[in-house]
Amino acid sequence: MHRPLRIAIGGIHIESSTFSPHLSTADDFEVTRGEALLARYAWLAPLQPWAGGVEWLPLVHARALPGGAVDAASHDAWTAEIVDGLARLGPVDGVLLDIHGAMSVVGREDAEGDLVTAIRSAIGPEPYVSAAMDLHGNVSPVLFAGCDLLTCYRTAPHVDVWETRERAARNLVEALRRGRRPDKALVHVPILLPGEMTSTRVDPARGLYARIPEIESRAGIVDAAIWIGFAWADQPRCRGAVVVTGTDAAATTGAARELGEQFWAARDEFGFVAPTGSLDDCLDTALAAVADPARRPFFVSDSGDNPGAGGADDVTFALARMLARPEIVGGAVRAVHASLVDPDAVAKVADEPPGTPVSVTVGGRIDPRDPGPVRLDGILEAVADDPAGGRCVSVRVGGLSVFVTSRRMQYRELASYARLGVAVDAVDLVVVKIGYLEPELYDAAGDWLLALTPGGVDQDLARLPYRHLVRPLFPLDRDFVADLTVATA
């Protein structure tokens, strides 16, 4: 009788902007171990047929909202826990690496490459490693060399997160049962674009990712994956990538080259997924548009300080511009600003009863760029506890509800608005710190604009002070011939 396969699971999952002044520490992470870690994966309960005959071994998984770079001590502690855990487990057949792929660590330039190198130091060269990643991650040569299988999400907004993790696990089990190390091929594509220009809701990304099922149906192909890359880190690994894995070296290499060439050929077709403009231009349009009920609620994305991509979540630029609009502060337009993180401000007012007049300074503590902290003189409208944001308050100034949270969060779900007493469909204007609208907001919006605002995840990449990217790189550079060399190890 064959013994069960032994597969360990762990990882560190965060997207980190090196341009954000926020420092991600252990306090920002949700850490899962033991049976609680195994309980995350739906293929284990109920046990899927392909997952049977496997001893699934939990290590540690640390996950955080995107933010700034991770402090080295926290990163090193979790890496050591993974390595020590593998040493205690004894021989394993494989490791499922559950990561994002765009983690930055203070003083390091290839965090996931460092992690897989540490894992290999513990398990040696023989076990297989399979990585499940975000398509906004980066595939460095070190990460590619250390993994046998790599796959990533195929949708943005990401609605296939758990499907991707299951695919990475299933591909690993099937490869181990075949008893033959997969063939793999990597093409780096010299393109660096923000996610808001590469949504799979629209072409060319929609059509590019739609090629994957046909490629995977070919003989000798196991998986095909396309990484857009992460635009808000200043590191050599930041660029597009294609990885194909399979059981036939020629088919695998050919498919990777084909997808890489198609990615490069589409470079001039990428554009923002919504009309863009300065914040003031977007507010001008929105305030005129809300006279039409069909265009309410009108959403404006404060994209440069989006915490879902690593922004500090406390840049006050958008709030100050809203407070400068007499239609809003005078109450003719009902508006929401979602949100600012400021636990000190929340603590100062949260114990007062709703309806109490308050005067409190908010924002500008993490990212103090102009205009810095802003004073709110208004009414405490609501207090609520949110699973993501902790204790939260809404301060009403005229027609504007300003949401202030104790922890960084992204107001991407309607339930978060409702906790603070706001039904989104009953307001005129919502300015939200987000990039492309996540599904619930997208469905709720009467209309939408993407404001190109300042912050740690500025959508105008030309304004960012890159120094370490490998150039040339589109669209920062345009007049060059791409090197689409296929790497196989």
For the condition touching a residue at least 40 places away in the same chain (Cβ under 8 Å), of a type outside the set (Lys, Arg) and on the phi < 0 side of the Ramachandran plot, what is the one hit in Asp351, Asp425, Asp385? Asp425
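Quick one: count up the residues across region 279-333 that are assigned to a helix (DSSP H, G or I), among the small types (Gly, Ala, Ser) and either under 30 Å from Leu23 (Cα atoms) or open to solvent by less than 20 Å² (accessible area, probe 1.4 Å) (or both). First the steps, then the outcome.
Filtering region 279-333 down to residues assigned to a helix (DSSP H, G or I) leaves 279-289, 293-295, 303-305, 317-323, 326-329.
Of the ones still in play, those that are also among the small types (Gly, Ala, Ser) are 286, 288-289, 294, 303-304, 318, 320.
Now drop any that are not either under 30 Å from Leu23 (Cα atoms) or open to solvent by less than 20 Å² (accessible area, probe 1.4 Å) (or both), which leaves 286, 289, 303-304, 318, 320.
Residues flagged as assigned to a helix (DSSP H, G or I), among the small types (Gly, Ala, Ser) and either under 30 Å from Leu23 (Cα atoms) or open to solvent by less than 20 Å² (accessible area, probe 1.4 Å) (or both) within region 279-333 amount to 6.
Out of curiosity, is Arg375 surrounded by fewer than 24 Cβ atoms within 10 Å (Cβ to Cβ) and assigned to a strand (DSSP E or B)? First the steps, then the outcome.
Values: surrounded by fewer than 24 Cβ atoms within 10 Å (Cβ to Cβ): yes; assigned to a strand (DSSP E or B): yes.
Yes, satisfied.
Residues in region 216-226: is at least one closer than 22 Å to Ser130 by Cβ, open to solvent by 60 Å² or more (accessible area, probe 1.4 Å) and touching a residue at least 24 places away in the same chain (Cβ under 8 Å)? Step through it out loud before you land on a result.
Going residue by residue through region 216-226, those that are closer than 22 Å to Ser130 by Cβ are 216-226.
Going one step further and asking which of them are open to solvent by 60 Å² or more (accessible area, probe 1.4 Å), we end up with 217-219.
Okay, now just the ones that are also touching a residue at least 24 places away in the same chain (Cβ under 8 Å), so 218-219.
Yes; the residues of region 216-226 include at least one that is closer than 22 Å to Ser130 by Cβ, open to solvent by 60 Å² or more (accessible area, probe 1.4 Å) and touching a residue at least 24 places away in the same chain (Cβ under 8 Å).
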Pairs where the first residue, in region 39-60, is open to solvent by 60 Å² or more (accessible area, probe 1.4 Å) and the second is among the hydroxyl-bearing types (Ser, Thr, Tyr), C-beta under 9 Å, 6+ apart: Ala39/Thr32
Mind checking which residues of region 247-297 are within 13 Å of Leu429 (Cβ to Cβ) and touching a helix residue (DSSP H, G or I) at 6+ places or on another chain (Cβ under 6 Å)? Leu279, Leu287, Ala289, Arg295, Pro297
What residue, of Ala69, Ala26, is surrounded by 15 or more Cβ atoms within 10 Å (Cβ to Cβ), within 29 Å of Gln459 (Cβ to Cβ) and without any contact (Cβ under 8 Å) to a residue 60 or more places away in the chain? Ala69
Looking at region 385-408, is at least one residue over 29 Å from the mean Cα position of the chain (by Cα) and more than 14 Å from Leu319 (Cα to Cα)? no
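Please verify whether Gly10 is more than 17 Å from the chain's Cα centre (by Cα), surrounded by fewer than 18 Cβ atoms within 10 Å (Cβ to Cβ) and under 19 Å from Asp98 (Cα atoms), treating the condition exactly as stated.
Values: more than 17 Å from the chain's Cα centre (by Cα): yes; surrounded by fewer than 18 Cβ atoms within 10 Å (Cβ to Cβ): no; under 19 Å from Asp98 (Cα atoms): yes.
So Gly10 does not fit the description; no.
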Out of (1) out of contact with any strand residue (DSSP E or B) (no Cβ under 7 Å at 6 or more places or on another chain); (2) open to solvent by less than 10 Å² (accessible area, probe 1.4 Å), the one Val173 does not meet is (1)
In region 230-260, what count of residues is obtained for those that are touching a strand residue (DSSP E or B) at 6+ places or on another chain (Cβ under 8 Å) and farther than 27 Å from Ala309 by Cα? 11
Of the conditions (1) touching a residue at least 60 places away in the same chain (Cβ under 8 Å); (2) open to solvent by 50 Å² or more (accessible area, probe 1.4 Å), Arg211 clears all except one; give me its number. (1)
Among the residues of region 259-268, are any within 27 Å of Val173 (Cα to Cα), buried (at least 18 other Cβ atoms within 10 Å of the Cβ) and touching a Phe, Trp or Tyr at 6+ places or on another chain (Cβ under 7 Å)? no
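So, restricting to strands (runs of 3 or more DSSP E) that lie completely within region 380-489, which ones have at least 2 residues that are open to solvent by 10 Å² or more (accessible area, probe 1.4 Å)?
Hits in region 380-489: 390-397, 447-451.
The values are calculated or read from the model by the stated rules, or taken from the named source; none is laboratory data. Note that the coordinates shown come from a computational prediction; the quantities given were computed from them, not determined experimentally. FYI the Cβ positions are ideal-geometry reconstructions off the backbone, even for glycines, and counts take in every protein chain you see. Accessible surface is based on the protein model in full, side chains and every heavy atom, while ligands, DNA and RNA are left aside. Shrake-Rupley method; radii C 1.70, N 1.55, O 1.52, S 1.80 Å.
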